[in-house]
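Have a look at the structure below before the remarks.
All of the numbers you see were taken from the coordinates with simple rules; none came from a lab. Bear in mind that the values here come from a model prediction, so they are computed numbers and not experimental data. When we count neighbours, we look across all protein chains shown, and the Cβ atoms used for this are built from the backbone with ideal geometry, even at glycine.
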Protein chains: 2
Amino acid sequence: MAKYKEVANEIRKRIKSGIYHSEEKIPDQESLAKEFGTSRVTVKKALDMLSVAGLVYTIQGSGTYVKKNAVNLAERNIQIGQNVGLTAAAGERLELKTKVLDFNVRFPDEEECNQLSIMKEEPVYDIRRLRILDEKPYSLEHTIIPISLAPNITKEILNRSLYDYLQGDLGIVFGDNRQTVRAVKPDANDKQYLHCSNEDPVLEVSKVMFLERGTPLEYSIVHHRYDMVEMSFINVSRDGLFG
Amino acid sequence: MAKYKEVANEIRKRIKSGIYHSEEKIPDQESLAKEFGTSRVTVKKALDMLSVAGLVYTIQGSGTYVKKNAVNLAERNIQIGQNVGLTAAAGERLELKTKVLDFNVRFPDEEECNQLSIMKEEPVYDIRRLRILDEKPYSLEHTIIPISLAPNITKEILNRSLYDYLQGDLGIVFGDNRQTVRAVKPDANDKQYLHCSNEDPVLEVSKVMFLERGTPLEYSIVHHRYDMVEMSFINVSRDGLFG
DNA sequence: TAGTGGTCTAGACCACCCT
DNA sequence: GGGTGGTCTAGACCACTAA
């Protein structure tokens, strides 16, 4: 492991264990460099990571300080913006089932061409799945994937985990993703499969998942029951790159 | 401006203007360093910024490449996760009005203590505002702020822009924020002020805004009309910091 | 004015990709 | 094996904070 990551990890542990307290100034970069037997640039890089992770902040000319509430963040090692399918997110002894409602191949419509940056002659998978958590209908997922990017999908794969197949079997590595969240009225499918009444709102999440190189891999529109899902995210204030 | 930012800006311009094309390999770091009269480390830092911004990706041993669709991102200089109040976000000749429905001082409840990390004896402002965009009711904002952190708020300030007052007059600098989005059924206020019917869903966004040092400044719950607001965000895949 | 963080350099070595 | 990115160092200078 890179040395700056080791240093970042060690400092994170110290924050977590209370060796460096909230609101407290931690040793200066020079001292840390000496302690870890490394250079100041490397220490700086480690502190930058912790800053992005929301654990510390620096004041030029003054020092580096532990943020309030930093401990909460230090506890959990998970990364914000992590891309895990629902299957992995369930955990906790809850039983997640998937029912494939529809599995077709067709040409994309205009919106799908736009989102996936493909020609309208490039065929796509059209997948509709119902997710059931602990016997309760949970979400309706409509997924569009260009066939060329993820060949040989079968109904059997969809019954297990599509993401496991893409990541594990095909060796695909996900990159960034863009999501848009709305509240919408339930449509016929929501009423039928999610058991929504007319008054039950739906949380609609549309997402485009990209590969490392920026190629759109998957366009999905997911309808969540309003009483089973909420979405959280953290905006980290960053340097104004670009003038 | 720091040299690495200048380099990042110049490369961004080249991507935007098409000098470096999508999917194309850009010159190696050594060449760029020579061209810009700087060191390779500085070029690397510039490329790291562009990578975080989603414009390029690197493959060790191979080179640095322009992402597909990078141009779209290069066009707009705005930052994801930017903290702008609605007043600034309106723009576009649309008329945004604010109506203060309620402006009180009281002690916080348990949830507010929890979110704002304050004692239950620390008084807070309790603000309810209706936002109106182009004569149409837009959102209902319920804002809780510890008095000690933002003193001397007046109804007059709320009629202008609270964020302008906090940032401009008080010189407060915002840090990170955490948001949670849900779809909920309209309550009595939503029906009255947002003109929601029983079937109109509401997009509820609860947010905690932090100061640079990690102190929670503001806890807000905003109800948006489902047909006027959607929320977008980008998850950037980052290095797995921490082992 | 002393302490501290931000940036930059020149050179070095390693890891990885590709032919 | 040559090309390229990832990391690291020692030293330097500047910018800012705090007393």
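Points worth noting:
- Computed label-point distance, nm, for sites A:Val100 and B:Ile19 using a 7 Å Cα→Cβ extension: 5.0
- Comparing B:Val202, B:Val41, B:Val124 in a Gaussian network model of chain B where C-alpha atoms under 10 Å apart are linked, the largest mean-square fluctuation is found at B:Val41.
- GluC sites (Glu not before Pro) restricted to DSSP loop in region B:110-174 with at most 13 other C-beta within 10 Å: B:Glu121, B:Glu135
- For B:Ile59, inter-copy label distances in nm, listed shortest first [label point 7 Å out on the Cα-Cβ vector]: 4.7
- Shielding by other protein chains, A:205-213, mean Cβ within 10 Å: 4
- In chain A the longest region clear of trypsin sites (Lys or Arg not before Pro) that are loop-assigned by DSSP and have at most 14 other C-beta atoms within 10 Å covers A:161-243.
- Rounded, prolate or oblate (a/c below 1.5 giving rounded, otherwise prolate when a/b exceeds b/c) for region B:133-243 by Cα gyration tensor: oblate
- Average beta-carbon neighbours from other chains, 10 Å sphere, peptide A:8-19: 1
- Other-copy label distances relative to A:Gly18, 7 angstrom Cα-Cβ extension, nm: 6.2
- Tensor-based shape of region B:187-243 (alpha-carbon gyration tensor, a/c under 1.5 rounded, otherwise prolate or oblate): oblate
- On Cα atoms only, tilt of A:40-52 relative to the major axis of chain A in degrees: 40
- Of the residues A:Ile132, B:Ile147, B:Ile11, A:Ile15, the one with the fewest other Cβ atoms within 10 Å heads the list, and the complete ranking is B:Ile147, A:Ile132, A:Ile15, B:Ile11.
- For A:His142, B:His21, B:His224, the sequence from fewest to most other C-beta atoms within 10 Å is B:His21, A:His142, B:His224.
- Over chain A, dividing the summed -39,500 (n - 2.57) contributions of all DSSP H runs of at least 4 residues by the number of residues returns a 222 nm mean residue ellipticity of -7000 deg cm²/dmol.
- Axis-proximal residue, chain B, for the rotation superposing B on A (Cβ, Å): B:Pro201, 1
- Distance from region B:40-67 to region A:12-75 (C-alpha centre basis), Å: 26
- For the segment B:226-234, counting C-beta atoms of other chains within 10 Å of every residue's C-beta and taking the mean gives 6.
- Separation of alpha-carbon centers, region B:162-181 and region A:146-218, rounded to whole Å: 34
- Label 7 Å beyond Cα on the Cβ vector: B:Glu230 copy-to-copy distances, nm: 2.3
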